[in-house]
Amino acid sequence: MTVRVGVIGVGTMGQDHVVRLQRRVNGAEVVALADMDHARLEAVAASVPGARTMASGDDLIVADDVGGVVIASWGETHEQYVLSALAAGKPVFCEKPLAPEAEACQRIMDAERAGGRRLLQVGFMRRYDQAYRALFRTLREGALGAPLMIHCAHRNPGVPSFYAGGMPITDSAIHEIDIVRWLLEQEISAAQVLRPRRASRARPDLQDPLLLLLEMCDGTLVDVEVFATATYGYDIRCEVVCESGTVALGDGSRVVVRNGGARSDRVPDNFQERFRDAYDAEFQEWVNGVERGQTGGPSAWDGYAAAVAADAAVASLQSGERVSVSMLARPRFYEPTVAQPVLMNR
Ligand code: ISE
């Protein structure tokens with residue numbers, strides 16, 4: 001069976017997802033597109049045979065031929081579209097962050113629970129990356145003992161002009177916030193942001209780089225360097241220091257070149273290149289789940305938990321103080337062990 005997908009938001013990320021759904025994911029067809037920028041919408045639709053353009057995201061959600069909704073629009077619009085998709089009873093994939101503030105994520109959780117079945121997957125694609133998965137398995141094997149500290153770096157070659165204020169946290173470090181929760185199966189109890197000397201090229205509205213410290217509930221400490229304008233490429237690092245050894249992501253390149261007395265390998269250009277296979281795997285799993293009538297992967301709870309920690313980190317970016325993370329208890333509905341009712345296939 002083919003899952004008929006509607007995509008809301010066809011900027012850089014949305015276009016990337018449209019191409020993967022068309023060409024690299026089995027069992028999906030893109031049938032409808034929506035975007036507030038009509039010129040961009042028409043331009044993208046011209047390259048997607050069989051896809052209609054819709055007047056709005058809400059029209060797309062209720063269209064009869066749309067069986068699954070992908071939301072890749074600007075973060076501020078996520079809550080509205082997710083709530084509409086849940087109200088329409090349609091499976092929905094929402095890019096990160098689920099919503100810019102934790103309270104919006106809470107409203108989404110409430111709506112999903114009121115509907116009685118899981119319909120939402122959040123786009124934390126790093127959980128599908130082979131290197132992070134190998135790191136997760138190594139930790140579970142137990143030979144290294146308990147994790148004590150995690151060192152992470154998140155370096156972008158550059159960022160768009162709208163990337164400002166708290167975005168190093170809400171748009172970038174949100175991935176580390178999610179991945180350390182997933183790796184350690186622990187929630188975050190406090191956050192603090194340190195402001196190193198600023199890069200001379202950083203715009204005045206951006207603290208770049210910054211250092212985020214996260215305290216996990218079991219005492220594990222995590223440091224995350226976010227450097228949005230690192231210029232040399234897209235570089236993601238993660239090293240877990242355990243009682244009896246360490247495990248780190250490899251550098252990901254397939255070949256090493258030796259030439260002219262030097263050795264070199266490739267640094268990815270951007271996150272689309274570095275995480276391409278992870279995005280593909282994430283979407284394949286979503287489409288398979290929609291076909292079976294069952295939603296898995298990162299949940300609204302994961303979106304909420306990440307947003308609460310991000311809110312604390314943004315508050316610390318402003319105040320310089322350590323900020324405690326105070327969150328709801330995880331509802332039983334979002335416990336990984338609770339079997340979810342099967343949806344009708346669409
Ligand atoms: C971007 O929005 C992403 O989601 C990337 O995965 C992240 O690495 C980058 O820092 C963000 O700006």
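Just so you know, all these numbers are worked out from the coordinates, no wet-lab data involved. Just so you know, these numbers come straight off a predicted model, no measurement behind them. Note that we place each Cβ from the backbone using ideal geometry, even for glycine, and neighbour counts take in every protein chain shown.
Quick notes on this structure:
- Length released on extending from GLU42 to GLN80, taking residue separation times 0.36 nm less the Cα-Cα span: 11.4 nm
- Averaging the Cα positions of each part gives two centres, and for region 30-105 and region 257-311 these lie 20 Å apart.
- Nearest-ten-degree value, helix 300-319 long axis tilted from longest Cα axis of the chain: 50 degrees
- Segment ALA248..GLN318, full-extension length gain: 22.1 nm, with 0.36 nm per residue of separation and the alpha-carbon distance subtracted.
- Neighbour-limited loop hits for GluC sites (Glu not before Pro), region 118-194 (at most 14 other Cβ within 10 Å; DSSP other than H, G, I, E, B): GLU185
- Global form of region 87-216, assessed from the alpha-carbon gyration tensor, a/c cut-off 1.5: oblate
- Put simply, the amide H of ALA28, placed in the peptide plane, has neighbours under 5 Å in VAL3, leaving out anything fewer than 5 places away on its chain.
- Taking amide H as placed 1.01 Å from N in the peptide plane, the amide H of ARG52 sits under 5 Å from that of ALA32, LEU33, each at least 5 places away or on another chain.
- Rounded to the nearest 10 degrees, the inclination of helix 78-87 to the longest alpha-carbon principal axis of the chain is 40 degrees.
- Residue among ARG203, ARG126, ARG113 with the largest mean-square fluctuation in a Gaussian network model of the chain, springs linking Cα atoms under 10 Å: ARG203
- Between the residues TYR279, THR295, VAL224, the greatest Cα displacement towards the positive end of the dipole of region 209-337, with unit charges on the Cβ of Lys, Arg, Asp and Glu, is found for TYR279.
- Gain on full stretching of the segment that runs from VAL19 to VAL62 - 0.36 nm per residue minus C-alpha separation: 13.2 nm
- Taking the inverse of the mean reciprocal distance over all distinct Cα pairs, the Kirkwood hydrodynamic radius of region 258-324 comes to 16.1 Å.
- Take every pair of alpha-carbon atoms less than 8 Å apart whose residues are at least six positions apart; their mean separation over the length of region 125-214 yields a relative contact order of 24 percent.
- Projected-area average for the chain over all orientations - Cα convex hull basis, square nanometres: 19.1 nm²
- Residue-wise HN-Hα coupling along region 139-149, computed from phi with Karplus coefficients 6.51, -1.76, 1.60 (Hz; x: Gly, Pro): 5, 5, 4, x, 5, 8, x, 6, x, 10, 8
- Charge dipole magnitude, Cβ of K and R +1, D and E -1 - region 165-279, Cα centre, debye nearest 20: 720 debye
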